[in-house]
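Down below is the structure, laid out as structure tokens.
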Amino acid sequence: MKDKKRNGPLSKIKNFMNHSGKGAGFEIIIEEKSITSIKTKKPPCEETGYHVHEHGEIPDENLTIYISIETITRIKKHALEDTNRELGGMLVGELNEYDGEKYINIITSIPARHTNQSGSSVTFTHQTWEEVFRTMDNDYRDEMIVGWYHTHPNFGIFLSGDDLFIHKNFFNQEWLVALVVDPVRNHSGFFNWKNGEIIRTSGYYSYMKME
């Protein structure tokens, strides 16, 4: 039987969505989990048994991003399913704190299905959010959504006006990030909040556990 605390927000989200349209209730679950789910935990670069790679220049005064190699591979595989239009999904992981600094650890992703797609945009529909919430409830009860990703096949790494609208309205907590992937040019980049603005992250860490 599902615990009442976990089931409650999902019921409220579904009801809220039924009255307000696509994705409107997403912020409810983000806000509730952000209060209770910050963990004190060493990041992979401070742990033994991990191979960690630095991409770009890691910012000194900003949110640090870690993403597992397995997740990168999973997202790239999804991105290559169709390079004629945009695809997207959710980033799942943890919001952690260590030595007074917050960081996110992206441990997996959820491909967004039932989307409305075109060559230059992707829209998360009511059915998209329903499946995401169901997957989170069934498979990732100890994790949280820490951002979203989408593809820009052969037109580069940036956030369009539509992308900014999605991030500002549904991913407006300071620790929520966006990942843009261009599967044709084999480029990618993170975007995150800083001082109320959405900026491209100068660097991040990828990691894998050594066997």
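The values are calculated or read from the model by the stated rules, or taken from the named source; none is laboratory data. These numbers were taken from a predicted model, which means no experiment stands behind them. Glycine also receives a Cβ, built like all others from the backbone with ideal geometry; neighbour counts cover every protein chain displayed.
Out of all the residues in the stretch 56-73, which are farther than 15 Å from N105 by Cβ, in contact (Cβ under 8 Å) with a residue 12 or more places away in the chain and not acidic (D, E)? Result: G56, P59, N62. Looking across the stretch 42-69, the residues that are among the hydrophobic types (A, V, I, L, M, F, W, C) and part of a helix (DSSP H, G or I) come down to C45, I69.
Residues that are closer than 21 Å to H51 by Cα and either loosely packed, with under 14 Cβ neighbours inside 10 Å or of a type in the set (V, I, T) (or both) within the stretch 171-201 are absent altogether.
Here the strands (runs of 3 or more DSSP E) wholly within the stretch 101-211 that include at least 2 residues being touching a Ser or Thr at 6+ places or on another chain (Cβ under 7 Å) are 101-111, 144-151, 177-182, 187-194, 203-209. A count restricted to the stretch 104-149 and to residues that are of a type in the set (G, A, S) and either surrounded by 16 or more Cβ atoms within 10 Å (Cβ to Cβ) or closer than 14 Å to L176 by Cβ (or both) stands at 4. On the given criteria, is S34 within 20 Å of F190 (Cβ to Cβ) and at pLDDT 95 or above? So S34 fails the test.
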